[in-house]
Amino acid sequence: MSAIGETRALRREPAARGGPLERVAADVLERVLPGLRHGTLVARLPDGSTRRFGAGPEVRMEIRSTRLFRRLATRGKLGLGESYTAAEWDADDLVGLFELLLRNAEEAGRRYPRLQRLLNAPPRLSTRTRLLRARRNIQYHYDLGNDLFRLFLDETMTYSCAVFGREDEPLEEAQRRKLRMVCEKLGLGTDDHVLEIGCGWGSFALTAAGEYGARVTGLTISPAQARLARERVAAAGLSDRVRILEQDYRMHEGSYTKIASVEMIEAIGERQLPTYFAACERLLAPGGLACIQTILVPDERFDRYRRSPDWIERYVFPGCLIPSLGALRRATTGSSRLTIREGEEIGPHYAETLRRWRERFLATLPHVRELGYDERFVRTWDFYLAFCEAAFRTRWLADAQLVLARPLEAGS
């Protein structure tokens, strides 16, 4: 059975049929696109004609089927990705196309509220993530297969934003720098016992134990991640300092001097944020510190984002919702005594991280297909990686390392 079949098939997008809605959507775009700034979109239509919109550097888009317009009319923002996955359109520079669209999105929404309503329909589904649903959501993505992730991640198997010291720095070195930044922000030492919520394949645990001498307990609800993380810990000779548990953070008990959580909080959904911070306070010893690295949506867009559908949530990370800094502050103060002491924005480094991942992914497509992944999967991941790179290049998304403190108890 293929690697996809062993886990679960990617979700199927709804079929699109022709009709008047295609013409309505096409007419709306014809009125909006001439106002493009920061570049030129050159679109080749199914009838062979070519349209140019905007001024400046060109990005070329080939629209193979008018079904793209129907998808946009009926599925909003979801339709663009669903149409790409169905091979109804292509671009000579996918990242450049997304950059152009994102740089114009806010102004277009203000000038054309009808377009904003079109793209934001239908409403987002429930963001509540219960225990069984959380496990299924994580397995949908992370249990696609360790062999798949090995193809495009670096040797550390770190699936989060790296921090580069120079342009030509190897990705592995940039990821190790990021991991050490978390350790330094926590002030890790040999007396610390660290809880990592969302330990991935063990890269932080190996750094914290191997370089800083800390004891580490790592939590994951992905069986595939847990297996490989334990193997890597054993191979490094750190089994006496690191334990990997296949357990949800909500069920975990214990007391830790420090907590680390690197780009896990986005997976839990908005309604679980208070539960997450209450658990952090419960598990953190008095005077302890937590370092949480998270992707962020700007506060001014968060309310609109949280209500509208998201293609990545639907087809890549089920159940995810990227928080804003304001949402995190409200959840923290409303559910715990934790305080955010400092924060460092590292989002610009994510664009380069994603560029490296996508470059590796595309360079290893023969191996991806040998693992059993089909063309629809390839196009889904190409769209996902390209869009995320553009989102960080345009500062549409941010990424931050936040340090939270638990107050000392009276008399301590």
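Counting only residues that are open to solvent by 10 Å² or more (accessible area, probe 1.4 Å), give me the strands (runs of 3 or more DSSP E) lying completely in segment 205-296 with at least 3 of them.
Numbers: elements: 215-220, 242-246, 256-262, 284-296.
Correct list: 242-246, 256-262, 284-296.
Taking the stated definitions as given, is Met181 aliphatic (A, V, I, L, M), surrounded by fewer than 16 Cβ atoms within 10 Å (Cβ to Cβ) and under 30 Å from Ala327 (Cα atoms)?
Values: aliphatic (A, V, I, L, M): yes; surrounded by fewer than 16 Cβ atoms within 10 Å (Cβ to Cβ): no; under 30 Å from Ala327 (Cα atoms): yes.
Criteria not met by Met181.
Mind listing whichever residues of segment 361-410 are among the small types (Gly, Ala, Ser), open to solvent by less than 50 Å² (accessible area, probe 1.4 Å) and modelled with pLDDT under 95? Let's see the steps before the verdict.
Within segment 361-410, the subset among the small types (Gly, Ala, Ser) is 363, 372, 386, 390-391, 398, 400, 405, 410.
In the following step, the residues that additionally are open to solvent by less than 50 Å² (accessible area, probe 1.4 Å) were identified as 372, 386, 390-391, 398, 400, 405.
The one that is among the small types (Gly, Ala, Ser), open to solvent by less than 50 Å² (accessible area, probe 1.4 Å) and modelled with pLDDT under 95: Gly372.
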*For segment 333-409, which helices (runs of 4 or more DSSP H) that fit wholly inside it have 1 or more residues that are closer than 18 Å to Cys161 by Cβ?*
348-363, 375-393
*Based on what the data block shows, is Phe302 in contact with a His (Cβ under 6 Å, 6 or more places away or on another chain) and at negative phi?*
no
*Go through segment 249-281 and give me each residue that's more than 26 Å from Pro309 (Cβ to Cβ), under 23 Å from the mean Cα position of the chain (by Cα) and not hydrophobic (A, V, I, L, M, F, W, C).*
Tyr249, Arg250, Ser261
*closer than 30 Å to Thr74 by Cβ, assigned to a helix (DSSP H, G or I) and at pLDDT below 95 - does that describe any residue in segment 141-155?*
yes
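The values are calculated or read from the model by the stated rules, or taken from the named source; none is laboratory data. Owing to the predicted nature of the structure, the values given are computational and were not obtained by experimental measurement. Here Cβ is always computed from backbone atoms with ideal geometry, including for glycine, and neighbour counts include all displayed protein chains. These accessible areas exclude ligands, DNA and RNA; they are computed on the full protein's heavy atoms, side chains included. Shrake-Rupley method; radii C 1.70, N 1.55, O 1.52, S 1.80 Å.
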